[in-house]
Amino acid sequence: MPYLLLKDAHSILRWIVILTLLWALLRFWSGLFGRSEFTRKDRAAGLVFTTFLNLQFLLGIILYATSPYMKGLMSNFGLSMKDPISRFFLVEHPLAMFLAVVVAQVGFSLSKRAVDDRGKFLKGAIAYTVAAILILVAIPWPFMKYGRPLFPMIGG
């Protein structure tokens, strides 16, 4: 039961991560192209996105460690690596999400340390765009062979 709640929370939190990512991308790219002044709202967009992304990654690590599905895959790692669906959940998804977290966090830090507004927007915009690509590629979308539902089956 706790595993299923955690899995559902991970599934729902994906949408919060995506929404905060879109907010950060909008603020940083529009700030860059609009030659705007970097404000606390811009910094907050990056902070909120990276915070939810870190929380999502933490839930993912807990799921990875407690999932009966993952335990089964790990019990025969060599065979699991030969199956594209198993390999996705065992290696590709967690690796891409780890890289997304690192890129987003580094981008947030570099953006904070940039000396001018343009540099703040540019560093954040590039990092969050790369993180977005990694995240979108690594989500098990329903139309893929290893897909998951867009929303968990609550109560079912």
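The values are calculated or read from the model by the stated rules, or taken from the named source; none is laboratory data. These numbers were taken from a predicted model, which means no experiment stands behind them. Please note: Cβ atoms are built from the backbone with ideal geometry, for glycine as well, and neighbour counts cover all protein chains shown.
In region 26-51, which residues are part of a helix (DSSP H, G or I), out of contact with any helix residue (DSSP H, G or I) (no Cβ under 6 Å at 6 or more places or on another chain) and not β-branched (Val, Ile, Thr)?
Keep residues of region 26-51 that are part of a helix (DSSP H, G or I), which gives 26-33, 40-51.
Narrowing the set further to residues that are out of contact with any helix residue (DSSP H, G or I) (no Cβ under 6 Å at 6 or more places or on another chain) leaves 26, 30, 33, 40-41, 43-44, 47, 51.
The answer is Leu26, Ser30, Phe33, Arg40, Lys41, Arg43, Ala44, Leu47.
Within region 6-13, is even one residue at pLDDT below 95, assigned to a loop (DSSP other than H, G, I, E, B) and either aliphatic (A, V, I, L, M) or farther than 19 Å from Ala114 by Cβ (or both)?
For region 6-13, residues at pLDDT below 95, assigned to a loop (DSSP other than H, G, I, E, B) and either aliphatic (A, V, I, L, M) or farther than 19 Å from Ala114 by Cβ (or both): absent.
In this structure, does Met70 turn out to be crowded, with 16+ Cβ neighbours inside 10 Å, at pLDDT below 95 and in contact with a helix residue (DSSP H, G or I) (Cβ under 8 Å, 6 or more places away or on another chain)?
On the way: crowded, with 16+ Cβ neighbours inside 10 Å: yes; at pLDDT below 95: yes; in contact with a helix residue (DSSP H, G or I) (Cβ under 8 Å, 6 or more places away or on another chain): yes.
Taking the combined requirement at face value, the residue satisfies it.
Among what's in region 106-134 and is polar (S, T, N, Q) and touching a helix residue (DSSP H, G or I) at 6+ places or on another chain (Cβ under 8 Å), pick the residue that is surrounded by the most Cβ atoms within 10 Å (Cβ to Cβ).
From region 106-134, those polar (S, T, N, Q) are 109, 111, 129; that's our starting set.
Next, from what is left, pick out any that are touching a helix residue (DSSP H, G or I) at 6+ places or on another chain (Cβ under 8 Å): 111, 129.
Working: Ser111: 24, Thr129: 17.
So the residue we want is Ser111.
Out of everything in region 37-63 that is loosely packed, with under 15 Cβ neighbours inside 10 Å and either in contact with a strand residue (DSSP E or B) (Cβ under 9 Å, 6 or more places away or on another chain) or not aliphatic (A, V, I, L, M) (or both), what residue ends up being farthest from Trp15 (Cα to Cα)?
It comes out as Glu37.
Quickly run through region 75-90 and pick out the residues that are of a type outside the set (S, T, N, Q) and farther than 20 Å from Leu6 by Cα. Give the steps one after another, and end with the answer.
Start the filter on region 75-90 by keeping residues that are of a type outside the set (S, T, N, Q), which leaves 77-79, 81-85, 87-90.
Matches in region 75-90: Phe77, Gly78, Leu79, Met81, Lys82, Asp83, Pro84, Ile85, Arg87.
If you scan region 128-156, which residues turn out to be part of a helix (DSSP H, G or I) and either under 13 Å from Leu47 (Cα atoms) or in contact with a Phe, Trp or Tyr (Cβ under 7 Å, 6 or more places away or on another chain) (or both)?
Tyr128
For a quick check of your reading of the model, give me the residue pairs whose first member lies in region 86-100 and is surrounded by 15 or more Cβ atoms within 10 Å (Cβ to Cβ), whose second is among the polar types (S, T, N, Q), with beta-carbon atoms closer than 9 Å and at least 6 apart or on different chains.
Partner pairs satisfying both residue conditions: Ser86/Ser80; Arg87/Ser80; Phe89/Ser67; Phe89/Ser80; Leu90/Ser80; Met97/Gln56.
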